[in-house]
Amino acid sequence: MQYDFRSIETKWQAAWAQGETFRAPNPGEPTFDPSKPKCYVLDMFPYPSGIGLHVGHPLGYIATDILARYKRMRGFNVLHPMGYDAFGLPAEQFAVEHGVHPRVTTEKNIENMTRQLKRLGLSYDWSRCLSTTDVGYYKWTQWIFLQLFKSWFDPIQKKARPIDELVKALIAEDFYVTLDGDITPASLSDENMKAIGGLPGGLKSWAGMPVDEQRTVIENQRLAYLAEVPVNWCPALGTVLANEEVTNEGKSDRGNHPVFKRPLKQWMLRITAYADRLGDDLNRVDWPEPIKLMQRNWIGRSEGALVDFRVEGYDDVIRVFTTRPDTLFGATYMVLAPEHALVDEITADAQRQAVDHYRAQAASKADADRTEAKVKTGVFTGAYAVNPANLAHIPIWIADYVLTGYGTGAIMAVPAHDQRDHDFAKTFKLPIVQVITAPDDFDVQQRAWEEDGLGVNSANDEVSLDGLAVDEAKQKITIWLESKNVGLAKVQYKLRDWLFSRQRYWGEPFPILHGPDGEIEAVDESELPVELPPMENFQPSASDDPDAQVQTPLSRAPDSWKVIERDGKRYTRELNTMPQWAGSCWYYLRFCDPSNEGRFVGAEAEKYWMVSMKRDSGMGTSNPHAGGVDMYVGGAEHAVLHLLYSRFWHKVLFDLGHVSTPEPFGRLFNQGYIQAYAYTDDRGVYVAADEVVEREGKVATITRTERNKAGDEKSATYQTTFYHGDTPVVQEYGKMGKSLKNAVAPDDMCEQYGADALRLYEMYLGPLDQSKPWRTTDIVGVYRFLQRVWRNFVDPETGTLRVTDEAADEGLRRYLHRTIKRVSDSMERMSFNTAIAALIELNNELVALKEVPREVAEPMVRLLSPMAPHIAEELWERLGRKESLTHAPWPPYDPALLVESTVDYPVQVNGKMRGKITVPADADDQAIEAAARADEKVAAQLEGKTIRKVIVVKGRMVNIIAN
RNA sequence: GCCGGUGUGGCGGAACUGGCAGACGCGCCGGAUUCAAAAUCCGGUUCCCCUUCAAAGGGAGUGUGGGUUCGAUUCCCUCCACCGGCACCA
């Protein structure tokens, strides 16, 4: 007989809600217990999508819930909140199509997803639930933006400081203004000044500068600033597109309209100022090494040199960045990005037409196309530069394999030692000069030698790199370049400043006002929030004209919202909105104190929940970390962007004294995806996966036309035994979701098997950090386990408890304690699949018993409770316990019961398993060896052989080497 | 092209620090129970060879090929496949 767990689940979910069982009181509240350590367990909060959850979503939520419940039983004050990252495109697009306000859609979706999450029995403190779209929340998102806007990065202290202090420092002449409008510390010498971006040649006095020039200097130092940035503009849709929304052909994904790259004035955040700290502080957090590596690669710190090449016949120099200044003598041509500022000026008349044509072509190409092009393209400008090392006369080309966004947008090409330059040189028959030694059989005319070697062909009258190793040569040439004033050592980053504005409605409005003379003013903090204006039409202004002005949705807001009178001047509000990242950058802070109206987070609450009380936060690791969230779980797709942006905001808040820790997330865990089979028909269209059946032996052949990445059409043939109705379909495998039509709803699983079975199955699938396939049929395994647990405890006929107060026998008691250890260890390692396996084994031991001894029953229910909380609570109550299991202590194990009196040793002969011996646990090596040699099978193997060596590994095995 | 990850029975996976490969579950096979089915319970299940059967035994085996080691799923190198990310990063 199958027990129906659903009524138990409803009962306990109601009881938990009623008793506010999972509410985490803040310091100062009457129920707060200061004697306990804290533990902050956080999920990456979801976007409230209209189709609701599929079983892939709760994977991480179930894991964190188990951890939160486990930590409560371990005596921690656990903060375990949930909320919604609810600004974003789908709600806006729905609004455009149906005229429904995004807030309406969003609230409906949030309600539905909350219902789905609650049904899983997740132990969130729902009183802390928030949405990034709550006015009371985005008020503080805007406030944080203002902190960035009102700050600058002090290159001496290497931290953010209030912008007023920059003005004071300039007046006091602690800093000077360089000719190009940057600032430089007075303590730096003229030479060093260049290193932070200033041009040689002099300084400006702050006092002598006109006011508007002063203003520009200040604007250029803010952590939030405006800049002209190229965007993918689609006039027909009236909107700016992300790279992923642009096809390889430079058309819009939706509607196939032409897309143009055009510059647009955008808000930028100066994340690059934090490049070093974002890299260095990775050493202070306990994160998976691959994720740290990805962030380090993204920041991309590289040491090299800037080198100036004089352009023949012009006053200009082309400045390049290179990581290999040691190969300077091998630079045989230069390449500028098509967008480089000097291209127009230096292009020879004869080349003008070709250059312009190429630039137009490059502008229309999506970045993806530039990256995937196999054949190098480019055009000669007609101009020449001088290699400062050997005074060689070298041609200047433009090519799209050089990008404006990185370095200086120009390179010196060393075809002998860089394969991309080599490819280009081969295509255009440019000279290849070897300057690093390669093996004798290696010909740099055939391929680039990119490995290390000694300098060769690298000398002029003043400096020689010949015979020097790479590092030495780099140093020597850089010193020489600096002495000639044509180059300097430079640290370069791949990281670029963060483009922070979006031309959308459904996002946080910027708390910024534009004055009549172009002045940019912050909205006063007392006037926050700047609420989104009510609007009815969300349709963007489409146009056929690529040069039409970009109209953001907010530009159609009523003047009563857009226009502000202040001190007799008319100001216009900023009409862009913030990106979806903004709200998710700091929600973990708001969770600490979600209803605080006077501050983004109360200082005491922030300090309590964010600062680690112990070096070992009790998360099963002894790695010291910089505080913050004790466990942050989410998908690896956020490995770089969200986590980097969030760390950046946190550091700014830290510098300004608003938070107490240098890092937001002390420990991070990335869960894998749940994948599932998907099926496509003969047109390549996905069909509903749950309607597909396999017919064994009935093989069908499908031939269809497919398009590969490059857009070429190809015919492909498949053999299959899968059918959708009578239509044969091809099986594929991929991430679960709407697009592949293979989503499985958690509601259906709860309905059929119950929330506890679903929770167990998701955890039992495999290691949390790996991707793994979902197969609904397999859920019966854990479902049977739960039924068996129930039957072991409750008589199915009478409904009475099958638990006895009599003592367990020695063997069962030992088994229990071994299980407690196994489950506890698994919990600490987040290895929930093995924890469940251990519980299944213990439960299987109980099947043959008439009654379960209470000394086994109670610890077992407690071990089970984080994973299957509803059934555990019910059994706990039936065991006569009045209080919820939530704060029942985690069972301890007795180490004495884990020690066996005898030990089994496998015995190998020449590394092959040949026998097994059992010896007393305290036997010494001689005794173990003697027992091994006495074993019948081992002796047979040793017959006629001479023993050369015997290896005894205490507690492990014996290996006898003989021949 | 670059970066990161993963490859273990029919399937999901286990083996935590280099020490008994395949825990646990699914599926499958056999049996018990049942009028029957469902449910439940018991047993078997890496592959190959030897043996009439069984017991027992032998050999191979953790993507491929090599290396280190008394001993490798685990460490190193080569290659292959799949998954994820990407900004040709100079």
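The values are calculated or read from the model by the stated rules, or taken from the named source; none is laboratory data. What you see is a predicted model; the values in this text were computed from it and never measured. FYI the Cβ positions are ideal-geometry reconstructions off the backbone, even for glycines, and counts take in every protein chain you see. To get the accessible areas, we keep the full protein, side chains included, count just its heavy atoms, and leave off ligands, DNA and RNA. Shrake-Rupley method; radii C 1.70, N 1.55, O 1.52, S 1.80 Å.
Observations, loosely collected:
- Any hit, the range A:286-299, residues being open to solvent by less than 10 Å² (accessible area, probe 1.4 Å) and away from RNA strand B (no atom under 14 Å from the Cβ): no
- The numbered conditions (1) open to solvent by less than 40 Å² (accessible area, probe 1.4 Å); (2) at pLDDT below 85; (3) aromatic (F, W, Y) are all true for A:Y401 except (1).
- Taking every residue in the range A:755-778 that is without any contact (Cβ under 8 Å) to a residue 60 or more places away in the chain and pairing it with any residue that is more than 6 Å from RNA strand B (Cβ to nearest atom) and open to solvent by less than 10 Å² (accessible area, probe 1.4 Å), at least 6 positions away or on another chain, the pairs with Cβ-Cβ distances below 6 Å are A:Y761/A:I779; A:Y761/A:V782.
- Check on A:A438, more than 26 Å from A:E482 (Cβ to Cβ), within 12 Å of RNA strand B (Cβ to nearest atom) and not β-branched (V, I, T): no
- Complete set of residues in the range A:894-912 that are part of a strand (DSSP E or B) and either within 14 Å of A:V952 (Cα to Cα) or aromatic (F, W, Y) (or both): A:V903, A:D904, A:Y905, A:P906, A:V907, A:Q908, A:V909
- Scan of the range A:9-44 for residues that are outside any helix (DSSP H, G or I), among the hydroxyl-bearing types (S, T, Y) and either touching a helix residue (DSSP H, G or I) at 6+ places or on another chain (Cβ under 8 Å) or within 22 Å of A:R115 (Cβ to Cβ) (or both), ordered by number: A:T21, A:Y40
- If you go through the range A:407-429 and keep only what is part of a helix (DSSP H, G or I) and open to solvent by 50 Å² or more (accessible area, probe 1.4 Å), you end up with A:Q419, A:R420, A:D423, A:K426, A:T427, A:F428.
- The range A:917-957, subset near RNA strand B (Cβ under 8 Å from one of its atoms) and at pLDDT 80 or above, residue most open to solvent (accessible area, probe 1.4 Å): A:R956
- Any hit, the range A:507-518, residues being acidic (D, E), open to solvent by less than 10 Å² (accessible area, probe 1.4 Å) and assigned to a loop (DSSP other than H, G, I, E, B): yes
- Positions within the range A:259-272 being open to solvent by 10 Å² or more (accessible area, probe 1.4 Å) and within 20 Å of the chain's Cα centre (by Cα), in sequence order: A:R270, A:T272
- Identity of the residue in the range A:649-679, open to solvent by less than 10 Å² (accessible area, probe 1.4 Å) and charged (D, E, K, R), that ends up farthest from the chain's Cα centre (by Cα): A:K651
- Test: A:Y47 is within 16 Å of RNA strand B (Cβ to nearest atom), under 24 Å from the mean Cα position of the chain (by Cα), hydroxyl-bearing (S, T, Y) and in a loop (DSSP other than H, G, I, E, B): yes
- Checklist (1) modelled with pLDDT under 80; (2) within 16 Å of RNA strand B (Cβ to nearest atom) applied to A:D690, failing item: (2)
- Members of the range A:298-317 found to be β-branched (V, I, T) and either modelled with pLDDT of 90 or more or touching a Cys at 6+ places or on another chain (Cβ under 9 Å) (or both), listed by number: A:V307, A:V311
- Note on the range A:85-126: residues that are within 13 Å of A:Q539 (Cβ to Cβ) and acidic (D, E) total 2.
- Members of the range A:300-326 found to be more than 10 Å from RNA strand B (Cβ to nearest atom) and aromatic (F, W, Y), listed by number: A:F309, A:Y314
- The one condition from (1) in contact (Cβ under 8 Å) with a residue 60 or more places away in the chain; (2) within 16 Å of RNA strand B (Cβ to nearest atom); (3) crowded, with 20+ Cβ neighbours inside 10 Å that A:A489 does not meet is (3).
- Any strands (runs of 3 or more DSSP E) falling wholly within the range A:123-189 and containing at least 3 residues that are buried (at least 18 other Cβ atoms within 10 Å of the Cβ) and at pLDDT below 85: A:175-178
- The range A:781-800, residues that are within 6 Å of RNA strand B (Cβ to nearest atom) and either surrounded by 14 or more Cβ atoms within 10 Å (Cβ to Cβ) or small (G, A, S) (or both): A:G781, A:Q787, A:R788
- Within the range A:327-362, the set of residues being among the acidic types (D, E) and either within 10 Å of RNA strand B (Cβ to nearest atom) or free of Cβ contacts under 8 Å to residues at least 60 places away in the same chain (or both) comprises A:D344, A:E345, A:D349, A:D356.
- Qualifying residues in the range A:883-905 (those that are acidic (D, E) and within 16 Å of RNA strand B (Cβ to nearest atom)) - the one farthest from A:G811 (Cα to Cα): A:D904
- Of the residues in the range A:236-259, at least one is assigned to a loop (DSSP other than H, G, I, E, B), farther than 27 Å from A:D471 by Cα and within 11 Å of RNA strand B (Cβ to nearest atom).
- Residue check for A:S646: open to solvent by less than 20 Å² (accessible area, probe 1.4 Å), closer than 30 Å to A:F45 by Cβ and either modelled with pLDDT under 80 or under 35 Å from the mean Cα position of the chain (by Cα) (or both): yes
- Test: residue in the range A:789-809 that is touching a Pro at 6+ places or on another chain (Cβ under 7 Å) and among the aliphatic types (A, V, I, L, M): yes
- Just one residue in the set A:P579, A:P558, A:P540 is surrounded by 20 or more Cβ atoms within 10 Å (Cβ to Cβ), on the phi < 0 side of the Ramachandran plot and at pLDDT 85 or above; that residue is A:P579.
- A:W480 meets all of the listed conditions (1) more than 40 Å from the chain's Cα centre (by Cα); (2) assigned to a loop (DSSP other than H, G, I, E, B); (3) at pLDDT 90 or above but one, namely (2).
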